[in-house]
1. Could you please tell me which pairs satisfy a Cβ distance under 6 Å, a separation of 6+ or placement on different chains, a first residue in region 69-86 that is in a strand (DSSP E or B), and a second residue that is small (Gly, Ala, Ser) and surrounded by fewer than 21 Cβ atoms within 10 Å (Cβ to Cβ)?
2. When you look at residue 51, is it closer than 14 Å to residue 79 by Cα, surrounded by 15 or more Cβ atoms within 10 Å (Cβ to Cβ) and not aliphatic (A, V, I, L, M), yes or no?
3. Does any residue of region 91-98 turn out to be closer than 24 Å to residue 45 by Cβ and assigned to a helix (DSSP H, G or I)?
4. Checking residue 129 against (1) within 16 Å of residue 58 (Cα to Cα); (2) part of a helix (DSSP H, G or I), which test does it fail?
5. Looking at (1) out of contact with any strand residue (DSSP E or B) (no Cβ under 6 Å at 6 or more places or on another chain); (2) surrounded by 20 or more Cβ atoms within 10 Å (Cβ to Cβ); (3) of a type in the set (Lys, Arg), which one does residue 86 not meet, given that it meets all the others?
6. In region 99-114, what residues are modelled with pLDDT under 95 and assigned to a helix (DSSP H, G or I)?
7. Restricting attention to region 18-68, which residues are touching a helix residue (DSSP H, G or I) at 6+ places or on another chain (Cβ under 9 Å), touching a residue at least 60 places away in the same chain (Cβ under 8 Å) and among the acidic types (Asp, Glu)?
8. If I filter region 54-76 down to residues being farther than 14 Å from residue 99 by Cα and touching a Gly at 6+ places or on another chain (Cβ under 7 Å), which single residue comes out as surrounded by the most Cβ atoms within 10 Å (Cβ to Cβ)?
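The values are calculated or read from the model by the stated rules, or taken from the named source; none is laboratory data. All figures in this text were calculated on a predicted structure; none of them were measured in a lab. Note: ideal-geometry Cβ built from the backbone for every residue, glycine included; neighbour counts use all protein chains shown.
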Amino acid sequence: MAAQQVGEALQLTIIDVRGVTDRPSTLELDGNPAEVNQFMPLVLINPEIKPFGETVAGPEGCLSFPEIYADIRRAEGVAVKATNDKGEPFEFRGGGLLARAVLHEVDHLNGILFIDRMDKETKEELRPELEELQAKTKAELKK
């Protein structure tokens, strides 16, 4: 969840990949493997990221687009520098679902939505659902 999704203009996101077993995550601190679950939920304040590795397609959804899912191409890993919830700077490298989640949430912080990352064919296929969601959102805003 990125701060922008709840109406806050902050460079802050909270990520939690605990319990997801079908898409494993990896985490490295100082070049050593670390247990991902020990760092969840992961608070990132003012994150700086550097994607690395191959670009791979993987399934994504978004709380901003309920019930809409698509394969999105993202780097398989990400190096992160951020401040934690205690105000301390830290760095790590993430892979798998954790990398995808970091990239997705930092996109939110930069005004990019996962539908912006969809290929043309997928976006066209989902057009009816996207238009319905847009109409519902506009109607709610008028209330």
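1. 69/61; 71/57; 73/57; 75/53; 76/53; 77/53; 77/95
2. Numbers: closer than 14 Å to residue 79 by Cα: yes; surrounded by 15 or more Cβ atoms within 10 Å (Cβ to Cβ): yes; not aliphatic (A, V, I, L, M): yes.
Judged against the criteria, residue 51 is a match.
3. Looking through region 91-98, at least one residue is closer than 24 Å to residue 45 by Cβ and assigned to a helix (DSSP H, G or I).
4. (1) is the only condition that residue 129 fails.
5. Among (1) out of contact with any strand residue (DSSP E or B) (no Cβ under 6 Å at 6 or more places or on another chain); (2) surrounded by 20 or more Cβ atoms within 10 Å (Cβ to Cβ); (3) of a type in the set (Lys, Arg), the lone unmet condition for residue 86 is (2).
6. Within region 99-114, 108, 109 meet the criteria.
7. Within region 18-68, just 67 meets the criteria.
8. Among residues in region 54-76 that are farther than 14 Å from residue 99 by Cα and touching a Gly at 6+ places or on another chain (Cβ under 7 Å), the one surrounded by the most Cβ atoms within 10 Å (Cβ to Cβ) is 68.
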